[in-house]
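Trainee: I am attaching a structure below and will ask some questions about it afterwards.
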């Protein structure tokens, strides 16, 4: 009688020595590769998987999190340890350990539209909402997950026009409907100070203000200084609503822009305006270089400018008259300025030579959804609408390679402050993290 499915003692199972589901020894792998064109499809797939796993291990590639049915409010790196995080518009927030383990943070605020970092080590994530409840998560102490400006009704909500981090502290300043500027304690989730302007509505708060010296701009164009223990003082004024304010560290200068097309430089020591620029279109964004020598000025349309504070003069960077230039930032301590023109190209200028260094368009086609810079490695990571992350040389604008590809649409890429790690965000709510290396990977890494 034959027993189906059983082997008699001493018989051999032909498949025992030829399964390719387990790991191969170095000797077995060498023999398999030596077969060349004589390999079966299963053997060829096995070698492809081995190569893929080794490539992933080379730069510590990890998929992070699970798909989320909500767009990102923000993502990137947080704290001194450069921990990846993601915050979604439905209020969900997640951080990830170096091993890829996720920690879900408390989910209270359901309508977030942006994220900012605060605290001495940028360890606090703040989920922003212009109309509704906000959240603050302390990634260094998860017992400090607090609600900011809780609003229990969908009617009669109080507008929050702008939020700014208080330098090197667990505090936040907010420009709030009703003429108010408020100071909030991110550890306790409580408002600790406020001032009320009876004439104007505060609209912009200078990021990096001191706790006892908050600078803000109003809808009437005033730039005001609020000292909670003293009073509020008007420093100077534009002729239209203030759109942006920046501090130039070490020089005691304030740079501000307004809807009237003016950009003003104010010397706090002298107590006077030292320079005013006038533009035909609105200047909506000001960026100060890390060395505090330059400030870049971005108009709604047309060429950006930059100010050299050593010479106290402005210089134009030429682009097309109808170009929309966004996502401007400095690199190499201010010697390079980058900006995205529409969704087509990234321009790199030398501030020292006042000249265009390079114009980058995706090598593999498609538009640009985001980019970031590793100063440490001298490269730019560009995420495209084709699902690629491309590496480009920062100082020459030369294409290096396409590092990654996925069939899932990408929404952006971020590189850690130390320039060694990167995360790319996918439209399905997942992140991918890897170690950035200028000379790796040698081939495009494909991931799902």
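Trainee: Applying the selection to the range 348-373, what residues are outside any loop (DSSP other than H, G, I, E, B) and more than 17 Å from residue 326 (Cβ to Cβ)?
Mentor: Answer for the range 348-373, where residues must be outside any loop (DSSP other than H, G, I, E, B) and more than 17 Å from residue 326 (Cβ to Cβ): 350, 355, 356, 357, 358.
Trainee: Just checking, how many residues over the range 90-121 are surrounded by 19 or more Cβ atoms within 10 Å (Cβ to Cβ) and within 20 Å of the chain's Cα centre (by Cα)?
Mentor: 11
Trainee: Listed residues 316, 340, 329; which is under 28 Å from residue 273 (Cα atoms) and surrounded by 14 or more Cβ atoms within 10 Å (Cβ to Cβ)?
Mentor: Checking each option against the conditions leaves just 329.
Trainee: Do the conditions hold for residue 68, that is, is it at pLDDT 70 or above and either over 30 Å from residue 150 (Cα atoms) or in a loop (DSSP other than H, G, I, E, B) (or both)?
Mentor: yes
Trainee: A further question follows. Does residue 391 satisfy the condition of being in a strand (DSSP E or B) and under 16 Å from residue 330 (Cα atoms)?
Mentor: Taking the combined requirement at face value, the residue does not satisfy it.
Trainee: On the basis of being within 21 Å of residue 372 (Cα to Cα) and surrounded by fewer than 22 Cβ atoms within 10 Å (Cβ to Cβ), does residue 267 make the cut?
Mentor: No.
Trainee: Still on this structure, please answer the following. Let me confirm something: among 192, 283, 214, which residue is touching a strand residue (DSSP E or B) at 6+ places or on another chain (Cβ under 9 Å), at pLDDT 95 or above and buried (at least 20 other Cβ atoms within 10 Å of the Cβ)?
Mentor: 214
Trainee: Quick one: residue 152 ticks every box in (1) surrounded by 16 or more Cβ atoms within 10 Å (Cβ to Cβ); (2) modelled with pLDDT under 95 bar one, so which box is it?
Mentor: (1)
Trainee: Continuing with the same structure: Any chance the range 317-335 includes a residue that's part of a strand (DSSP E or B) and out of contact with any strand residue (DSSP E or B) (no Cβ under 6 Å at 6 or more places or on another chain)?
Mentor: no
Trainee: Anything in the range 232-269 that is under 31 Å from the mean Cα position of the chain (by Cα), part of a strand (DSSP E or B) and more than 15 Å from residue 298 (Cα to Cα)? List them, or say none.
Mentor: 247, 248, 253, 254, 265, 266, 267
Trainee: Just checking, does the range 231-240 include any residue being modelled with pLDDT of 95 or more and surrounded by 23 or more Cβ atoms within 10 Å (Cβ to Cβ)?
Mentor: Checked against the condition, which is being modelled with pLDDT of 95 or more and surrounded by 23 or more Cβ atoms within 10 Å (Cβ to Cβ), the range 231-240 yields at least one hit.
Each row is one residue, and each column tells you yes or no for (1) surrounded by 23 or more Cβ atoms within 10 Å (Cβ to Cβ); (2) closer than 16 Å to residue 74 by Cα.
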site: 387; (1), (2): no, no
site: 391; (1), (2): yes, no
site: 397; (1), (2): no, no
site: 403; (1), (2): yes, no
site: 407; (1), (2): no, no
site: 411; (1), (2): no, yes
site: 416; (1), (2): no, yes
site: 421; (1), (2): no, no
site: 424; (1), (2): yes, yes
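Trainee: If the requirement is being farther than 19 Å from residue 225 by Cα and without any contact (Cβ under 8 Å) to a residue 40 or more places away in the chain, which of these qualifies: 288, 283, 319?
Mentor: After ruling out the rest, the residue left standing is 319.
Trainee: So which residues in the range 219-231 are over 18 Å from residue 172 (Cα atoms) and in a strand (DSSP E or B), if there are any at all?
Mentor: If the condition is that a residue be over 18 Å from residue 172 (Cα atoms) and in a strand (DSSP E or B), then 222, 223 are the ones that fit.
Trainee: Another question about this same structure. Within the range 168-218, which residues are under 15 Å from residue 247 (Cβ atoms) and in a strand (DSSP E or B)?
Mentor: Of everything in the range 168-218, those that are under 15 Å from residue 247 (Cβ atoms) and in a strand (DSSP E or B) turn out to be 173, 204, 205, 209, 210, 213, 214, 215, 216, 217.
The values are calculated or read from the model by the stated rules, or taken from the named source; none is laboratory data. Model, not experiment: these values are computed from the prediction. Note that each Cβ is placed from the backbone with ideal geometry, even for glycine, and that neighbours are counted across all protein chains shown.
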